[in-house]
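Read through the structure below, which is laid out as structure tokens, and then see the notes.
The values are calculated or read from the model by the stated rules, or taken from the named source; none is laboratory data. Note that the coordinates shown come from a computational prediction; the quantities given were computed from them, not determined experimentally. Methodologically, a virtual Cβ is constructed for each residue, glycine included, from the backbone with ideal geometry; neighbour enumeration extends over all protein chains shown.
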Amino acid sequence: MSELKDQIDLQKLPRHIAVIMDGNGRWAKAHGKPRVFGHKNGVKSVREITEAAAELGVEYLTLYAFSTENWSRPKLEVNALMHLLIQTVRNELKTLNDNSIRLNAIGDLTKLPEKTYKVLMEGIENTKTNNRMTLNLALNYSSRWEILNAVKKMASDIKQDVLDPKAIDESCFESYLTTKGIPDPELLIRTSGEQRISNYLLWQIAYSELYFTNVYWPDFRKDNFYKAILDYQSRERRFGKTSEQL
Ligand code: FPP
């Protein structure tokens with residue numbers, strides 16, 4: 001049993017953890033291999049962190065798997081990532097169901113290649129009654145796209161008299177986001193040493209604790225994940241209040 005895991009206070013576990021999985025390319029380069037080798041090994045970390053999160057009792061795990069900006073990468077890499085996604089969803093379906101993990105995706109999904117979209121939707125459909133944890137993949141996702149999309153839908157609803165502008169508050173706005181019904185992440189982890197948000201969950205991370213580590217994603221394993229949670233648990237979350245008011 002991991003000593004780090006035992007130190008985690010399960011009463012103060014984040015309900016939702018978001019991750020920016022970064023450093024696959026640099027990890028591959030450091031091993032003298034092509035970038036795709038890094039992504040393939042990144043899938044091993046996806047599996048391990050999903051398992052660790054579910055074992056602890058985290059309710060939502062949101063992984064940034066492909067951003068709207070990632071289309072500008074070399075075609076070979078984009079194709080490999082799309083193929084890897086298909087393979088992973090197919091290979092992991094049984095494990096997801098055995099562990100009652102629900103697959104979900106956020107982003108502009110209809111713009112994914114047809115095959116990727118189809119397999120993803122099958123995965124979502126086949127796991128929809130699972131209730132232990134939701135594995136949420138951000139695919140062709142960017143926060144500015146999501147926010148603009150919400151604004152467009154709201155404008156359209158106002159025009160059709162379905163929405164009263166006076167009724168727009170935070171919870172109303174949230175209901176137009178792709179994360180509708182999912183609590184905001186208490187913790188956001190980014191691997192690989194970069195300290196940026198990169199257009200990820202901008203509305204949702206308003207009060208999230210940010211955790212940056214130099215570890216490349218393919219090296220990020222259960223103990224690294226436990227360390228991030230322990231670091232989160234050592235912080236005081238004040239939400240604008242003073243320490244004394246908490
Ligand atoms: C960032 O590393 C990683 C990505 C853009 C893709 C993440 C994808 C996976 C881990 C595999 C597929 C995922 C699933 C859920 C099946 P990078 O390429 O930006 O690394 P670099 O910054 O070192 O170049």
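Looking at 136, 149, 131, 199, can you tell me which residue is touching a helix residue (DSSP H, G or I) at 6+ places or on another chain (Cβ under 9 Å) and either of a type in the set (S, T, N, Q) or modelled with pLDDT of 95 or more (or both)? Answer to the selection: 199.
When we screen 209, 194 for residues that are within 26 Å of residue 51 (Cα to Cα), within 16 Å of the ligand (Cβ to nearest atom) and of a type in the set (D, E, K, R), the only hit is 194.
Filtered by the rule that a residue be within 16 Å of the ligand (Cβ to nearest atom), in a loop (DSSP other than H, G, I, E, B) and of a type outside the set (A, V, I, L, M), region 212-246 gives 213, 214, 216, 220, 221. Take the conditions within 15 Å of the ligand (Cβ to nearest atom), at pLDDT 95 or above and either assigned to a helix (DSSP H, G or I) or of a type outside the set (Lys, Arg) (or both) and apply them to residue 85. Does it pass? So residue 85 passes the test.
Consider region 101-111. How many of its residues are of a type in the set (Ser, Thr, Tyr) and touching a residue at least 40 places away in the same chain (Cβ under 8 Å)? Residues that pass the stated criteria total 0. Mind checking whether some residue in region 15-26 is on the phi < 0 side of the Ramachandran plot, touching an Asp or Glu at 6+ places or on another chain (Cβ under 6 Å) and surrounded by fewer than 15 Cβ atoms within 10 Å (Cβ to Cβ)? Yes, region 15-26 contains a residue that is on the phi < 0 side of the Ramachandran plot, touching an Asp or Glu at 6+ places or on another chain (Cβ under 6 Å) and surrounded by fewer than 15 Cβ atoms within 10 Å (Cβ to Cβ).
Could you please let me know if residue 104 is outside any helix (DSSP H, G or I), modelled with pLDDT of 95 or more and surrounded by fewer than 13 Cβ atoms within 10 Å (Cβ to Cβ)? Judged against the criteria, residue 104 is not a match. When the residues of region 4-49 are filtered to those that are farther than 20 Å from residue 227 by Cβ and among the hydrophobic types (A, V, I, L, M, F, W, C), the one that is nearest to the ligand (Cβ to nearest atom) is 43.
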